[in-house]
1. Does A15 fit the bill of being modelled with pLDDT under 90 and surrounded by 13 or more Cβ atoms within 10 Å (Cβ to Cβ)?
2. Looking at segment 44-89, which of the residues that are in contact (Cβ under 8 Å) with a residue 12 or more places away in the chain and of a type in the set (S, T, N, Q) is most open to solvent (accessible area, probe 1.4 Å)?
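The values are calculated or read from the model by the stated rules, or taken from the named source; none is laboratory data. All of these numbers come straight from a predicted model, not from anything done at the bench. Positions of Cβ are generated from backbone atoms using ideal geometry, with glycine treated the same way; all protein chains shown enter the neighbour counts. Just so you know, the surface numbers come from the protein's heavy atoms only, side chains and all, with ligands and any DNA or RNA stripped out. Shrake-Rupley method; radii C 1.70, N 1.55, O 1.52, S 1.80 Å.
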Amino acid sequence: MTFLDYLISVDARTALMGRMMRKLGVDRQLQVVADHAAVTDRAVDRCRSCGHQDECSTWLDEHEQADDPPDYCRNRDLIARLQHAAGQR
């Protein structure tokens, strides 16, 4: 079990973050960034403090594929950096 897998199991909001990272194809990139445990922890904190859980869950269910997270996503900048580092952009 990876650190991200452990965090994803913690609660529903964290699960949403994991789904978002996988949907946008940056879950593996998140695992290899420098100090990935701290980066993941901060991303989890941002997701947990977001007030858009229902909207996020619906967005994830409705988008088979996506290039960008919704505008309200508090990890939008992190996702963009991970996509850039992975050469997805």
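1. Working: modelled with pLDDT under 90: yes; surrounded by 13 or more Cβ atoms within 10 Å (Cβ to Cβ): yes.
Yes; evaluated as a whole, the condition is true for this residue.
2. From segment 44-89, those in contact (Cβ under 8 Å) with a residue 12 or more places away in the chain are 44, 46-50, 52-53, 55-57, 60, 63, 65-70, 72-75, 78-80, 82-83, 85-86, 88; that's our starting set.
Restricting the remaining residues to those that are of a type in the set (S, T, N, Q) gives 49, 53, 57, 65, 75, 83, 88.
Numbers: S49: 73, Q53: 42, S57: 36, Q65: 156, N75: 7, Q83: 7, Q88: 93 Å².
Selected residue: Q65.
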